[in-house]
């Protein structure tokens, strides 16, 4: 008998359908992964189970948990289900915890919300829970800001399992975390499933995570279930076209092999670059070189100093030690108009395309900005150049008078790229350009990147935390850890020499359940 | 933005009523001379025929309201109250809006500079804002009006003084908004291209600041009209005989026992104007606030 059975659930927001006729079931001790891209309705479906949708949503269908229809429960009954029979793990652990209470107090609170027990009993239980999620008991008194993202997610999981729920809903539990931490959290979830015999409903867009932990998979697209089945079958022989596309757009480490390019004169040279914030060394004695037409991949986890290096080159980080040389010119010695001229030779692509475009400026205005600042193109000549750039990033010229909020994420990032290449730069810096995008969109943006790079021959500093993405594009890779380059070269992923790189490569998820399970054991 | 305002007016009855009131009063202010010509009186001419010769009080009931004098007349002088209120609208509206423009220009420039440049600029501006907000400005304004050389026209002096004391509130809001905008990458994108502060302000910040600026400006017009009325009430506003609501109210106080209509008409005009601007401004805030989800 199944623990949770969802039967033809539909959710509408006003007149807009979000979820259509979704059915699946989950038995005790099983991990079911609901996968899909943004807007597929996976989160809406899960949140509807606990009545956590906004008031504008109307839900039809049935969802039985242990034989009770969750949709027919009163608010009071639903509150006793939340946190008691069903535990919830959120994507952003920092925002899921209250910053002014210690994590211990918050776990005690979670215990006492559903159990009538004394304070000392609850404290004992909280200590036990900390041990269960692999945190030292001394962390009981720590405040959320004193802990790392991975530790916080452990606390959130401890709170979710405090009352031994029969179902754990995890909404993108590892998306905000670094790969090495992600691997640890997934191992913890696997371990808890075994120990507590809880079923886990995992909502994710990451096929690597699915391959790692799921027993069965539900693939959603546009609010409908496209396909469902055991994880090995879905990955080995997907029946539906959409599933096949989704799996094909996933890039894994070790799938790309390209010959090393011969590099002539370096376009960018960093000589012992260091950046300090007060006493903290964000970047520590980094020396790099990028040649014309070369792509250097810069990888590292959050806080490793990747974006600070980009900031020093682009001038967003005002003070640094060492020298930055662009096309033979030392940037740090330049001032005024010659500095402005150099700025025009660097293109920059940001991570979040929505935030990098002015919401009150049309697409054409955003793309024209570098041209207005650095060239004398005006009027129809400017319009023609903007149209040519839109064409180069494969966008229709009809979009020129639209505003950013009217575009999809992939289209916005194309606009960001068009702006970055508008002046035909010597150096293009791409700071996590695809990590805010869905996998299928990411694959197309990477294709665009590659073809642009081949035709325009700019040197490129490609920054990412995703090793597979970097491997796709980069000729050479530098690995950054705590502000230092620990390893660089063409061999970094195939034969990592540094222990940190080895850990990084080992933690990178592979979208293949067979390989993933073999690696784990 | 205009589309959002139209949508708001269609949905929000109160904001619509406010907008209509403000528009009507604006028309009255612009066409004051035309209106009083139609009514047949100007605000300066004495008319003893409309007075009761024995007491100096307006002849007839309700302060002398008649087909000839629509709002009645002033005691002792017999000047037409309708003409006084209509011309007072022009004074109040003009000073209220012009001083708001002065504060908005100052506040936006100073606030955006503080938020965007940071450092010492920011420290000095924040410090000045705190001082100005705690300053006993009414006393200061009275003092200034007393000592200012008579060559300076009084309305100009009022506009500059009221406008100058209004910038800190606007600067504070613009500074906060600029600080959040500065975090957004499109500002960083412009900076990395070598754009200077003025370019960033004009093309990146200002278009995103319009919504809050319009809301704050609309909401601050009534308090400025009230301030002008208060100064005129205290006798340091526009000089006699220029009509002003504040002075009309001030003069009506001594007649309130015998001729209450003298207080009611200018008071009602002042009330309607401040009410209209406030309700319309509230509606604007709901429509233009990014948090309300309508953009």
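Which helices (runs of 4 or more DSSP H) sit wholly inside the range A:260-376 and have at least 3 residues that are in contact with a helix residue (DSSP H, G or I) (Cβ under 6 Å, 6 or more places away or on another chain) and outside the structural domain of residue A:503 (by TED's automatic domain parsing)?
Working: elements: A:306-314, A:336-343, A:363-374.
Answer list for the range A:260-376: A:363-374.
Could you say whether any residue in the range B:49-69 is in a helix (DSSP H, G or I) and either touching a helix residue (DSSP H, G or I) at 6+ places or on another chain (Cβ under 8 Å) or buried (at least 21 other Cβ atoms within 10 Å of the Cβ) (or both)?
Within the range B:49-69, the subset in a helix (DSSP H, G or I) is B:49-50.
Filter again for either touching a helix residue (DSSP H, G or I) at 6+ places or on another chain (Cβ under 8 Å) or buried (at least 21 other Cβ atoms within 10 Å of the Cβ) (or both), leaving B:50.
Yes.
Condition first: in contact with a helix residue (DSSP H, G or I) (Cβ under 9 Å, 6 or more places away or on another chain), within 11 Å of chain A (Cβ to nearest Cβ) and not in a helix (DSSP H, G or I). Can you find one or more residues in the range B:195-207 that meet it?
So in the range B:195-207, the residues in contact with a helix residue (DSSP H, G or I) (Cβ under 9 Å, 6 or more places away or on another chain) come out as B:195-197, B:199-201, B:203-206.
Next cut, within 11 Å of chain A (Cβ to nearest Cβ) only: B:195-196, B:199-200, B:203-206.
With the extra rule that they be not in a helix (DSSP H, G or I), the set shrinks to B:195-196.
Yes, the conditions are met somewhere in the range B:195-207.
Go through the range A:422-476 and report how many residues are over 30 Å from residue A:39 (Cα atoms) and part of a helix (DSSP H, G or I).
Of the range A:422-476, the ones over 30 Å from residue A:39 (Cα atoms) are A:422-428, A:453-461, A:474-476.
Subset that is part of a helix (DSSP H, G or I): A:453-456.
Residues flagged as over 30 Å from residue A:39 (Cα atoms) and part of a helix (DSSP H, G or I) within the range A:422-476 amount to 4.
Taking the conditions exactly as written (in contact with a helix residue (DSSP H, G or I) (Cβ under 6 Å, 6 or more places away or on another chain) and buried (at least 19 other Cβ atoms within 10 Å of the Cβ)), does residue B:173 satisfy them or not? Working first, answer last.
Values: in contact with a helix residue (DSSP H, G or I) (Cβ under 6 Å, 6 or more places away or on another chain): yes; buried (at least 19 other Cβ atoms within 10 Å of the Cβ): no.
No: the conditions fail for residue B:173.
Considering A:449, A:458, which residue is away from every other protein chain (no Cβ under 14 Å), touching a residue at least 60 places away in the same chain (Cβ under 8 Å) and crowded, with 21+ Cβ neighbours inside 10 Å? If you could, list the steps in order and put the result at the bottom.
Numbers: A:449 fails: touching a residue at least 60 places away in the same chain (Cβ under 8 Å).
Checking each option against the conditions leaves just A:458.
Please go through the range A:477-504 and pick out each residue that is surrounded by 22 or more Cβ atoms within 10 Å (Cβ to Cβ) and part of a loop (DSSP other than H, G, I, E, B).
Within the range A:477-504, A:483, A:492, A:493 meet the criteria.
Is there a residue in the range A:386-404 that is closer than 19 Å to residue A:345 by Cα and within 12 Å of chain B (Cβ to nearest Cβ)?
For the range A:386-404, residues closer than 19 Å to residue A:345 by Cα and within 12 Å of chain B (Cβ to nearest Cβ): absent.
Within the group A:368, A:381, which residue is within 14 Å of chain B (Cβ to nearest Cβ) and at pLDDT 90 or above?
Within the list A:368, A:381, the selection yields A:368.
Does the range A:133-166 hold any residues that are in contact (Cβ under 8 Å) with a residue 40 or more places away in the chain and farther than 25 Å from residue A:50 by Cα, and which are they? Reasoning before the result, please.
Start the filter on the range A:133-166 by keeping residues that are in contact (Cβ under 8 Å) with a residue 40 or more places away in the chain, which leaves A:133-134, A:142-145, A:147, A:149, A:152-153, A:155-163, A:165-166.
Across the range A:133-166, the qualifying residues are A:134, A:142, A:143, A:144, A:145, A:147, A:149.
For residue B:158, all conditions in the list (1) more than 9 Å from every other protein chain (Cβ to nearest Cβ); (2) surrounded by 21 or more Cβ atoms within 10 Å (Cβ to Cβ); (3) over 25 Å from residue B:131 (Cβ atoms) hold save one; what is the number of the exception?
Residue B:158 satisfies all of (1) more than 9 Å from every other protein chain (Cβ to nearest Cβ); (2) surrounded by 21 or more Cβ atoms within 10 Å (Cβ to Cβ); (3) over 25 Å from residue B:131 (Cβ atoms) except (3).
Only one of A:334, A:427, A:348, A:423 is touching a residue at least 24 places away in the same chain (Cβ under 8 Å), surrounded by fewer than 20 Cβ atoms within 10 Å (Cβ to Cβ) and within 14 Å of chain B (Cβ to nearest Cβ); which?
Values: A:334 fails: touching a residue at least 24 places away in the same chain (Cβ under 8 Å); A:427 fails: surrounded by fewer than 20 Cβ atoms within 10 Å (Cβ to Cβ); A:348 fails: surrounded by fewer than 20 Cβ atoms within 10 Å (Cβ to Cβ).
Step by step, each of A:334, A:427, A:348, A:423 is checked, and only A:423 is touching a residue at least 24 places away in the same chain (Cβ under 8 Å), surrounded by fewer than 20 Cβ atoms within 10 Å (Cβ to Cβ) and within 14 Å of chain B (Cβ to nearest Cβ).
The values are calculated or read from the model by the stated rules, or taken from the named source; none is laboratory data. Because the structure is predicted, anything quoted here is derived from the model rather than measured. Virtual Cβ from ideal backbone geometry, glycine too; neighbours counted across all protein chains shown.
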